[in-house]
Amino acid sequence: MGVVLKQSIQNTAVTYLGFFFGAINTLFLYTKILPDEYYGLVTFILASGAILMPLMAFGVHNTMVKYYSNHPDSEKDGFFTLMLLIPLLGIIPVTLVGLIWYEPIGDWVSQVNPMVKDYLWYVFFVGLAMGYFEVFYSWSKVHFKSVFGNFMKEVFARVGVSLLLLLFYFDVITLDIFFKCLVGLYLLRTIIIKIYAFSLRMPKLDFKFPPYTKEILSYSFLIILGGSAALILLEIDKVMLNQFISIENVAYYGVSVYIATVIIVPSRAMHQITYPLTAELLNTKNEIGLDKLYKKTSLTLFIASGILFVLIILNLNDLYLLLPENYRHGFTIVFLIGLAKVMDSLLGNINSILYNSQYYKTVLIFGVCLAALTISLNYLLIPKLGLEGAALASFVSIFIFNLVKLIFVKIKFGILPFTSATFKVFATLILLAVLFDLLQFQFHPIVNIGLKSFLIVVMYVGILYRFNLSEDVSGILSKWLKKNTP
């Protein structure tokens, strides 16, 4: 767990830095600089591009991690050449569809919001950039170098957006140039990660593909379904809102979802290194190591995500006082999406286990079925409940999907992520939530948030350390205390 912990801490720091800039953009710059409808358009473009990404990458970002360690050095160039070419199987058909049926597709997605039609190609290029970014990022991950790639993914684009918003605010660029530069930012990010990935190990084009190329192609095709299903669960609500209500509501919804998404930061950071480690444990049939990693990632991520959920919910009213009036009505959305993110974290590295195991085909079928359920629930609930309906659809779908995955791993591997410490942490979080919900300060919202958060974190960390609920957390605190004790 030493390698996991070290790079996870680095990735967590980088990811939080990215989310810091993301928070500045989402909560303050976007809301105060861009008109609401154009902020909603940005949200729609990025969410649609993210959904398109698995098809553009054609599953290669997962395939590379799964199969890379199986190849001797003499086959690695041929393997990587194959990885570079496979995405064309998705990119070429999407391009042709866009060229031939642009008008009918544009008319369909712009029934409620006509402005969307003019920006469909932006979705294509964002999805393309995201797809190949993940391919080159995976090349760095299989070499156990994930921190720079994580920086490019979480920080680079957000800092770039901050600069673009400021340039627009000071009339240096127009709104049209802003959107073009936004797309260019994602393309530039892909070029930079490519240069970095090749610096780790410069591959040579070798068209002598691996002997089991057919198996690799089959896995890549199936993993598209899994990746698409996962992203549909996460992003389809923002896309489908455009079909039913005015696009500025996508912006209001996106802000609430972003607030809740902070909860998943530790999981995203840890996933960068646990994914290849899990693949290695499965390839070497190390069942004891797999069980240990499953439980430790679950507990560590639950400790982190649980306290973030409590902090967000207890400080949400003060946070809303800092936002424009139109963005202050998303408590239910934050609660439902936040709870779903906590459930994701509670399952630790379960996705890594499933997608790197021999059972990935079955899990992909589950994912596709649940993606269809998500779309159906959104169609049913958004017209009736609006933004809250989209949040409820996402919560129900994610809950069912996580329950299915949990049961499946228990049946096939005989392991569960929970320990007695899991329930102790849960009890601690409930105690803190009840206790500090009764404690209200009457200062400026920023002071209220800072003071309450400080008190909650100090009490939480004290309880974790006193009762030694996590070896990793206690180890970090012990080292810190030793360094700072005179």
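The values are calculated or read from the model by the stated rules, or taken from the named source; none is laboratory data. Bear in mind that the values here come from a model prediction, so they are computed numbers and not experimental data. Don't worry about glycine lacking a Cβ; one is built from the backbone with ideal geometry, like all the others, and counts go over all protein chains shown. Heads up: the accessible areas ignore ligands, DNA and RNA and are worked out on the full protein's heavy atoms, side chains in. Shrake-Rupley method; radii C 1.70, N 1.55, O 1.52, S 1.80 Å.
Given an 8 Å cut-off on Cα distances and at least 6 residues of separation, report the relative contact order of the chain as a percent.
21 percent
Under 12 Å from the Cβ of Lys66, count the other residues' Cβ atoms, weight Lys and Arg +1, Asp and Glu -1, and hand me the total.
Summing Lys/Arg as +1 and Asp/Glu as -1 gives -1.
Semi-axes of the equivalent ellipsoid for the stretch 57-191, please: Cα gyration tensor eigenvalues, times 5, square-rooted, ordered largest first, whole Å.
Semi-axis lengths for the stretch 57-191 are 32, 22, 9 Å.
For the stretch 77-122 and the stretch 227-276, what is the separation of their Cα centres, given in Å?
One Cα centre to the other: 21 Å.
Carbon and sulfur atoms: what percent of the 1.4 Å accessible area of the chain do they account for?
70 percent
Given the peptides 457-465, 327-335, arrange them by the average over their residues of other C-beta atoms within 10 Å, most packed first.
Per-residue Cβ counts within 10 Å, averaged per peptide and sorted highest first, yield 327-335, 457-465.
Please report the Cα spread of the stretch 45-116 along all three principal axes, rounded to whole Å, starting with the longest.
54, 22, 12
Inverting the mean 1/r over all pairs of different Cα atoms, compute the Kirkwood radius of the chain and quote it in Å.
When all Cα pairs of the chain are included, the Kirkwood radius is 23.5 Å.
Name the residue from Tyr38, Ile333, Gln358 whose Cα lies farthest towards the positive end of the charge dipole of the chain, charges +1 on Cβ of Lys and Arg and -1 on Cβ of Asp and Glu.
Result: Gln358, furthest along the dipole toward the positive end.
Could you provide, to the nearest whole Å², the per residue accessible area of the chain with probe 1.4 Å?
Per residue, the chain has 44 Å² of solvent-accessible surface.
State which helices in the chain qualify, where a helix is a whole DSSP H run, it must extend 27 Å or more along its own axis by its Cα atoms, and its mean Kyte-Doolittle hydropathy must be at least 1.0.
Details: long enough: 2-23 (31 Å, 0.80); 36-57 (31 Å, 1.22); 120-141 (31 Å, 0.89); 175-200 (38 Å, 1.61); 213-241 (40 Å, 1.31); 265-283 (28 Å, 0.04); 287-320 (47 Å, 0.96); 360-385 (36 Å, 1.51); 387-413 (39 Å, 1.65); 445-466 (31 Å, 1.51).
Sorted by number, the helices that extend far enough and score high enough are 36-57, 175-200, 213-241, 360-385, 387-413, 445-466.
Quick one: compute a quarter of the convex hull surface over the Cα atoms of the stretch 154-271 and quote it in nm². Write down the numbers at each step before the final one.
Working: hull surface 45.4 nm².
It is 11.4 nm².
Just name one of Phe156, Gly98, Trp108: the one whose Cα is farthest towards the positive end of the charge dipole of the stretch 93-175 (beta-carbon charges, Lys/Arg +1, Asp/Glu -1).
Phe156
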